[in-house]
Amino acid sequence: MTYDLILLDIEVQRDFFLSQGRCYTHEADAARSNIYSLFDWAKRNDHPILSTVLRVPDGRIGPLADKPHCVEGTPGERKLFKTIVRPYLNLGLLNTTDLPDDLFEQYRQVIFEKRNTDIFLHARAERLLSELPSVEFVLCGAGVAHGIVQAAVGLRARGFRVTLATDAVLGLDDPAAGMAYSRMNAKGVRFLKTREITQPHRLAPPGPVFRTLSAAGRET
């Protein structure tokens, strides 16, 4: 299988994106709709999908809010149904470096479960990302100031092209989100809206040149 783009969704779980979720915010409905559009686009174009989900042990609050969220065994920890693409492989929480061969030859989606927000602290995810060819990542999900900025900056540091779907992410009312956007912009992450990403021939050719937008420009 030949591919030059991977859709990476971070913590697209019920507690953040559905009205009954513990951390639901006013921006979730539009972001959820745009995430669904990105998944439809990825499926139409046979782009592999890499997903992370947060699994918070019972009795703990979690890293993204001051109330319990994504607690194991609760409805809120579940990944949104429309963001599960078959055939998929859930590699779970096991923090070892063993991986099946040719993952994206066998599966359309690979899911990693995490205790904390940083994808690079998961040994299997770190190994997979270190072995990928030069591709572009399109990011969406929840936790701009946490998992999203950690993934975006980490991917850029490893030489990957990164595009953030600015209308398909949640800041969760975190005051650090503004600084996270600035960090990503400084590292060469592109800020585009979903409709710009899903347009035919939107992608830039591989190379070292990255077009970035200002933090203010992401809202235009």
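The values are calculated or read from the model by the stated rules, or taken from the named source; none is laboratory data. Note that the structure is predicted; figures quoted are calculated from it, not measured. Note: ideal-geometry Cβ built from the backbone for every residue, glycine included; neighbour counts use all protein chains shown.
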Checklist entry - Applying the selection to the range 16-37, what residues are in contact with a helix residue (DSSP H, G or I) (Cβ under 6 Å, 6 or more places away or on another chain) and under 18 Å from ILE84 (Cβ atoms)? => result PHE17, GLY21, ARG32, ASN34, TYR36, SER37
Checklist entry - Take the residues of the range 6-38 that are part of a loop (DSSP other than H, G, I, E, B) and under 15 Å from the mean Cα position of the chain (by Cα): which is farthest from ASN116 (Cα to Cα)? => result VAL12
Checklist entry - Can we say THR25 is over 28 Å from GLU136 (Cβ atoms) and surrounded by 13 or more Cβ atoms within 10 Å (Cβ to Cβ)? => result yes
Checklist entry - If you take the residues of the range 116-133 that are under 15 Å from ASN90 (Cα atoms) and out of contact with any Phe, Trp or Tyr (no Cβ under 6 Å at 6 or more places or on another chain), which of them is surrounded by the fewest Cβ atoms within 10 Å (Cβ to Cβ)? => result ALA123
Next on the checklist: Here are the criteria: (1) surrounded by fewer than 20 Cβ atoms within 10 Å (Cβ to Cβ); (2) assigned to a loop (DSSP other than H, G, I, E, B). Tell me which single one TRP41 does not satisfy.
Outcome noted: (2)
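Would you pick out the residues in the range 60-86 that are in a loop (DSSP other than H, G, I, E, B), among the hydrophobic types (A, V, I, L, M, F, W, C) and either free of Cβ contacts under 8 Å to residues at least 12 places away in the same chain or within 11 Å of ARG14 (Cα to Cα) (or both)? It would help to see each step written out before you state the result.
Initial filter on the range 60-86 (in a loop (DSSP other than H, G, I, E, B)): 60-70, 72-74, 78, 80, 84-86.
Still in the list and also among the hydrophobic types (A, V, I, L, M, F, W, C): 61, 64-65, 70, 80, 84-85.
Result: ILE61, CYS70, LEU80.
Taking the conditions exactly as written (more than 20 Å from GLY143 (Cα to Cα), surrounded by fewer than 20 Cβ atoms within 10 Å (Cβ to Cβ), hydroxyl-bearing (Ser, Thr, Tyr) and modelled with pLDDT of 95 or more), does TYR3 satisfy them or not? Before the answer, list the steps.
Details: more than 20 Å from GLY143 (Cα to Cα): yes; surrounded by fewer than 20 Cβ atoms within 10 Å (Cβ to Cβ): yes; hydroxyl-bearing (Ser, Thr, Tyr): yes; modelled with pLDDT of 95 or more: no.
No.
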Checklist entry - Does LYS67 count as surrounded by fewer than 19 Cβ atoms within 10 Å (Cβ to Cβ), over 30 Å from GLN199 (Cβ atoms) and charged (D, E, K, R)? => result yes
Checklist entry - Quick one: would you say LEU50 is within 22 Å of VAL135 (Cα to Cα) and of a type in the set (A, V, I, L, M)? => result yes
Checklist entry - Taking TYR3, is it in a loop (DSSP other than H, G, I, E, B), free of Cβ contacts under 8 Å to residues at least 12 places away in the same chain and among the aromatic types (Phe, Trp, Tyr)? => result no
Next on the checklist: Can you say whether PRO100 is in contact with a Leu (Cβ under 9 Å, 6 or more places away or on another chain) and either part of a loop (DSSP other than H, G, I, E, B) or at positive phi (or both), as far as the supplied structure shows?
Outcome noted: yes
